[in-house]
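The values are calculated or read from the model by the stated rules, or taken from the named source; none is laboratory data. Just so you know, these numbers come straight off a predicted model, no measurement behind them. Please note: Cβ atoms are built from the backbone with ideal geometry, for glycine as well, and neighbour counts cover all protein chains shown.
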Amino acid sequence: MSRLDGWFEGVTRESARRLSRRSWIARLGAVLVGSAAVPLLPVARAAERAASPDGIAGPEGDPSRCEYWRHCAIDGFLCTCCGGSHTACPPGTEMSPVTWIGTCRNPKDGKDYIISYNDCCGKTICGRCLCNRNEGERPLYHWYRNNDINWCGGAKLQTYSCSTALVVKVAKEPQPEK
Amino acid sequence: MKSLIAALVFSLAASSVSADAFEEHDFILNCAGCHQVSGSGSATVPSLHNMAELVSKSGARAYFIRVPGVAHAPLSSERLAALMNWVLRRFTGKAPTLRYTAKEVSELRKSPFLDPFAARAVVVGSD
């Protein structure tokens, strides 16, 4: 027991001689700043880029890519490439109230979501970022699950420009056609 | 106390597997694309709120199932019956006194209207 006492006393006296009483604050500060700086290192950034070609890496994925999970049943030009976004129409176009609805699985949480592919209408065809995945699409005689028809039918002007992909809510099950 | 907890657990389990759980899901996936989630429709699609003025007419019950969008919906008759009971409650303000059953729906959907607008005029003219 006295050996343990002696060893502990030695360690305490040695540290008291070498360290200031507030040195732990400096060390804690270094750890905080250092850990915050790790994502800024080029190595970390390179790793992120390598993971994103599938369009779904990161918490939100990359909505400008056709591979993005919400685009699983889309057939059209992505509004992200046409002056809008995956949830908003480009200026000068109107979002059609009539829309093709299906479900897509978010690979991040494994849940199925109900997606509404509202078309943006009223300006000439965008022509950029064509995305044609059609998962769960049915032939034309199931017109409510067919995306080759012009869903701009409900808008003021029927000219198709591009497509958005809005999440309506979490689905109870994937759509039966899948 | 134990039996109370057991009853609670049982009722929770029962409610999570019933067809009722799919009503809103089925509505959004099969109706809301054209009628919109609010049911208000558009310039080309009728509003579901118009069901309120039809529901008391004698031919309305069969009409609601025989309109093409309902009769052709890619749903089992069980799910379609539950969905239509839910739709009626939501858009007419009160639950149907006599609920649709799967058997009734499966019979009615065999003969969808070829001209739903003419069929609607007949229902509006009935008492």
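Could you tell me whether A:ASP62 is of a type in the set (Asp, Glu) and in a strand (DSSP E or B)?
No, not satisfied.
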Residues of the stretch A:72-111 satisfying the condition of being buried (at least 20 other Cβ atoms within 10 Å of the Cβ) and within 13 Å of another protein chain (Cβ to nearest Cβ): A:ALA73, A:MET95, A:SER96, A:PRO97, A:VAL98, A:THR99, A:TRP100, A:ILE101, A:GLY102, A:THR103, A:CYS104
Subset of the stretch A:96-142 (residues that are in contact (Cβ under 8 Å) with a residue 12 or more places away in the chain and among the aromatic types (Phe, Trp, Tyr)): A:TRP100, A:TYR113, A:TYR117
Verdict on B:ARG89 being part of a helix (DSSP H, G or I) and closer than 28 Å to A:LYS172 by Cβ: yes
Test set (1) more than 12 Å from chain B (Cβ to nearest Cβ); (2) within 24 Å of B:SER42 (Cβ to Cβ) - A:ALA155 fails condition number: (1)
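One line per residue, one yes/no per condition, for (1) part of a helix (DSSP H, G or I); (2) modelled with pLDDT of 80 or more; (3) in contact with a helix residue (DSSP H, G or I) (Cβ under 7 Å, 6 or more places away or on another chain):
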position	(1), (2), (3)
A:ASP5	yes, yes, no
A:GLU9	yes, yes, no
A:THR12	yes, yes, no
A:ARG17	yes, yes, no
A:ALA73	no, yes, no
A:PRO90	no, yes, yes
Whichever residue in the stretch A:160-177 is surrounded by fewer than 16 Cβ atoms within 10 Å (Cβ to Cβ) and β-branched (Val, Ile, Thr) and, among such residues, is nearest to the other protein chains (Cβ to nearest Cβ): A:VAL170
Members of the stretch B:63-79 found to be more than 12 Å from chain A (Cβ to nearest Cβ) and in a loop (DSSP other than H, G, I, E, B), listed by number: B:VAL67
Tabulated pairs, the stretch A:143-166, first within 21 Å of A:HIS86 (Cβ to Cβ), second hydroxyl-bearing (Ser, Thr, Tyr) and not in a loop (DSSP other than H, G, I, E, B), C-beta under 6 angstrom, 6+ apart or interchain: A:ASN150/A:TYR160; A:CYS152/A:TYR160; A:SER163/A:TYR117; A:ALA165/A:TYR117; A:LEU166/A:SER116
Within the stretch B:50-71, tally of residues that are closer than 23 Å to A:TYR141 by Cα and surrounded by 15 or more Cβ atoms within 10 Å (Cβ to Cβ): 8
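Could you grab me the full set of residues in the stretch A:118-151 that are outside any loop (DSSP other than H, G, I, E, B) and within 11 Å of chain B (Cβ to nearest Cβ)?
Hits for the stretch A:118-151 are A:TRP143, A:TYR144, A:ARG145, A:TRP151.
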